[in-house]
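The structure under discussion appears below in the form of structure tokens.
The values are calculated or read from the model by the stated rules, or taken from the named source; none is laboratory data. Since we're looking at a predicted model, the values are computed, not measured. Positions of Cβ are backbone-derived with ideal geometry, glycine not excepted, and every protein chain shown enters the neighbour counts.
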Amino acid sequence: MSISEPLKSSEHEPTWEVAHLFPAQGHWTETEFFELHSNRMVELADGTLEILPMPTWLHQLMVKFLVRSVEAAVCDRGTVLDAPLPIRLFPKTIREPDVMYFAPGSEPQDPRGYPTKVDLAMEVVSEGAEARRRDYEDKRIDYARAGVAEYWIVDPDDKKITVLVLQDDSYQTHGEFKVGEAASGLLISGLSVDVCEIMKLGDDKTS
């Protein structure tokens, strides 16, 4: 096949022609990322697209629970939002925390744009080894590098909440809170999440 000949896809194979319309992994720019139209959750990590699992019912219930908890603690001192909202952490890396808190002054200057700073990020761990690695390892590195003051990992499988606080350039574990305990951090005074209450959202209502 000559270079000028179009690639041919057989039935049931991926649409390779479409793939060639986009940059190779590792070469995506922020502009190309934002121009991508997709009905999937997508993040950009060091120029590489990461396709995220679609949120489940439980995932969204937990996100809603967390948003309400943070909002109750901060009152009007800052802004609490949930995904989808791309955060430009640093060049070629864009993450979308499940729950995010912006202290006063951290909001983007242009409300029609995207933020580049977030003070608290929360992730509800999705099912699967890849999702767990992303939340526990990759995002821990990315959020620390971006200077996110506090990172909470809410794990429905292990029924625990890990709270990480930034010290110098890396996270230190402030606490691993399990059922029977209330998770708290250092950034937001009064923020407390009852681990039992949020994990009860995963109880089988049909049994």
- Note on the structure: With criteria (1) assigned to a loop (DSSP other than H, G, I, E, B); (2) modelled with pLDDT of 95 or more, Val80 comes up short on (1)
- Note on the structure: The condition of being at pLDDT below 95 and more than 23 Å from Ala45 (Cβ to Cβ) holds, among Lys178, Lys159, Lys205, only for Lys205
- Message: So for segment 190-201 (the condition being over 27 Å from Arg77 (Cβ atoms), outside any strand (DSSP E or B) and touching a residue at least 40 places away in the same chain (Cβ under 8 Å)), does at least one residue qualify?
- Response: yes
- Filtered residues of segment 93-151 (kept if of a type in the set (A, V, I, L, M, F, W, C), more than 11 Å from the chain's Cα centre (by Cα) and in a helix (DSSP H, G or I)): Ala129, Ile141, Ala144
- Item | Only listed residue being acidic (Asp, Glu), at pLDDT 95 or above and surrounded by 14 or more Cβ atoms within 10 Å (Cβ to Cβ), chosen from Glu71, Glu137 | Glu71
- Among the numbered conditions (1) among the small types (Gly, Ala, Ser); (2) surrounded by fewer than 13 Cβ atoms within 10 Å (Cβ to Cβ); (3) under 22 Å from Glu50 (Cβ atoms), tell me where Ala144 comes up short. (2)
- Task: Answer yes if at least one residue in segment 163-173 is among the hydroxyl-bearing types (Ser, Thr, Tyr) and not in a strand (DSSP E or B), and no otherwise.
- Result: no
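Listed here are the residues, each with its yes/no results for (1) of a type in the set (Phe, Trp, Tyr); (2) more than 19 Å from Val163 (Cβ to Cβ).
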site: Phe33; (1), (2): yes, yes
site: Pro53; (1), (2): no, yes
site: Phe65; (1), (2): yes, no
site: Ser69; (1), (2): no, no
site: Val74; (1), (2): no, no
site: Arg95; (1), (2): no, no
site: Gly105; (1), (2): no, yes
site: Lys117; (1), (2): no, yes
site: Leu120; (1), (2): no, no
- Members of segment 150-186 found to be surrounded by 22 or more Cβ atoms within 10 Å (Cβ to Cβ) and of a type in the set (A, V, I, L, M), listed by number: Val154, Ile161, Val163, Leu164, Ala183
